[in-house]
Amino acid sequence: MGLETADFIVIGGGIAGASAAYELREMGKVILLEKENLPGYHSTGRSSAIFQKGYNKGDPLINILVTASEDFLHNPPKDFTPHTLLTPRALIHIAAADNQNILDDLHENLSAINVQSDFIDGQAAIRLLPILAADYQTRALREQGTADMDVNALHAGYLHGLKASGGTIITEANVTGLTRKKNHWQVASTKGLFQAPTIVNAAGSWVDQVAQMAGISPINIRPLRRTVIMVTLPEGLSCAQWPLVMNPAEGYYFKPDSGKILMTPGDEQLALPCNIQPEEIDIAYGAHYLEQATNLTVAKIDRSWAGLRNRVADGHPVVGFDPEAEGFFWLAGQGGYGIKTAPAMARISASLISGHGLPQDMLALGLQEEQISIRRLK
């Protein structure tokens with residue numbers, strides 16, 4: 001195999017790498033390297049993404065990134081996808097009768113970032129969710145502007161757009177070495193040698209391993225296991241119009257999905273980068289929380305899986321050129337919100353790589369580069 005050259009090599013074909021490659025395609029030739037046989041296998045492909053501006057109890061920084069992604073998700077470019085990326089879905093936050101103050105705190109947090117929410121009484125909550133358990137019928141907090149996301153359509157749109165513009169996607173290309181030679185990075189992989197002046201490290205749980213190959217200090221990424229279960233409803237019960245339900249105290253949420261209930265217990269157990277599988281205890285917690293919040297009895301788990309959420313210590317994304325190595329660009333740490341913020345993060349990446357700083361619309365929203373820069377960690 002010869003040495004294949006490009007202007008940009010993106011390592012990792014999940015939503016972070018795919019979206020960044022898409023935005024870079026008009027700036028030069030892009031090669032995307034994915035170590036699995038299918039891009040997005042580990043985290044993106046296992047996500048049940050929700051469009052929510054009040055993510056993480058109203059985190060202001062993530063709110064900016066979601067807000068800056070909204071227009072793209074509502075109005076993607078022509079020929080990006082034939083599918084609707086966002087489908088409105090009501091969201092209610094619930095809390096037990098003796099823990100109502102957590103809803104008041106959340107309401108304040110959402111108001112502080114201009115996310116509309118309102119309290120509804122128990123009867124209104126039951127109309128939205130007829131199976132709501134009695135202990136959660138005091139009231140609920142309804143968050144506005146939420147939607148289901150078509151993760152596959154968004155990811156496929158990015159990959160299609162990259163290929164349509166002449167970009168290259170190479171699967172089963174496990175990176176085995178990174179060397180800086182003059183003004184280029186040379187990437188050794190199981191699919192051959194590649195060379196480019198700029199490397200985008202979007203390898204998810206493996207970003208520190210990629211950095212180590214390049215002789216660059218890590219950002220101490222934390223891969224966190226998140227479990228999901230699917231539960232079949234009793235015959236005759238339809239959930240299509242039910243809301244997404246979140247419990248800010250326990251951290252779990254559940255929602256309708258293909259006629260069943262998708263539920264996560266909100267677990268975040270530190271794990272090694274791998275093809276992660278669910279643990280029985282977390283599956284049991286998911287069933288327990290669903291029974292606690294509703295009048296359902298979970299007799300059987302229809303399906304279960306797990307994915308990895310990748311975060312650094314402060315829970316905010318890491319994007320920018322490494323101060324230790326020319327041409328080595330980090331795009332990491334978007335665990336739990338990477339899909340809903342992908343359009344914004346991809347535009348940030350392309351803008352920083354081109355030397356133009358943060359996009360103006362995000363500066364206007366109050367984003368500061370030091371909030372997301374690799375330099376805060378080094």
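A short reminder: the numbers here are calculations on the coordinates, not readings from a lab. Everything numeric here is computed off the predicted structure, so don't read it as measured data. Cβ: placed from backbone, ideal geometry, glycine included. Neighbour counts: every protein chain shown.
Here the chain carries DSSP beta bridges of which approximately 70% are antiparallel, counting only pairs with both residues inside. Need one number: % antiparallel among DSSP beta bridges in region 188-323, to the nearest 5. Of all bridge pairs located within region 188-323, approximately 100 percent are antiparallel. Converting phi to 3J(HN,Hα) with the Karplus coefficients 6.51, -1.76 and 1.60 and the offset θ = phi - 60°, region 300-315 yields 8, 8, 5, 7, 8, 7, 9, x, 10, 9, 10, 9, 9, 4, 8, x Hz in sequence order, with x at every glycine or proline. Summarised as an ellipsoid, region 247-378 has semi-axes of 37, 17, 13 Å, derived from the eigenvalues of the Cα gyration tensor scaled by 5 and square-rooted, with the largest first. Each of His288 and His83 was given a label point 7 Å from its Cα along the Cα-to-Cβ line. The distance between the two points is 3.5 nm.
Which percentage, to the nearest 5, of the DSSP beta bridges contained in region 1-155 is antiparallel?
In region 1-155, DSSP labels about 75 percent of beta bridges as antiparallel.
Please report the net charge: other residues with Cβ closer than 14 Å to the Cβ of Gly167, K and R +1, D and E -1. Charge balance in the 14 Å sphere: -2. Of Asn201, Asn152, Asn101, the residue with the greatest mean-square motion in the GNM of the chain, using alpha carbon springs below 10 Å, is Asn101. Ordering Ser111, Ser205 by the number of other Cβ atoms within 10 Å of each residue's own Cβ, fewest first, gives Ser111, Ser205. Footprinting exposure proxy ranking of Val228, Val245, fewest other C-beta atoms within 10 angstrom first, gives Val228, Val245.
Here's the list of lysines a cross-link from Lys300 could span, going by alpha-carbon distance under 28 Å and ignoring same-chain residues fewer than 8 apart: Lys255, Lys260. Neighbours of Leu73, meaning other residues whose beta-carbon lies under 11 angstrom from its beta-carbon, give a summed charge of -2 when Lys and Arg score +1 and Asp and Glu score -1. Under 5 Å from the amide H of Gly13 lie the amide H atoms of Lys35, Gly40, each residue being 5 or more positions distant or on a separate chain, with H modelled from the backbone and absent for Pro and chain starts.
Listed values for region 171-188 are Karplus-derived 3J(HN,Hα) couplings in whole Hz (6.51 cos²θ - 1.76 cosθ + 1.60, θ = phi - 60°), namely 8, 6, 10, 6, 6, 10, x, 9, 9, 8, 10, 6, 10, 9, 9, 9, 10, 8, and x replaces Gly and Pro. Panel order for Leu233, Leu159, by other beta carbons found within 10 Å of each beta carbon, from fewest to most: Leu233, Leu159. Take every pair of alpha-carbon atoms less than 8 Å apart whose residues are at least six positions apart; their mean separation over the length of the chain yields a relative contact order of 23 percent. As a ratio to 2.2 N^0.38 Å, the alpha-carbon radius of gyration computed for region 245-296 takes the value 1.22.
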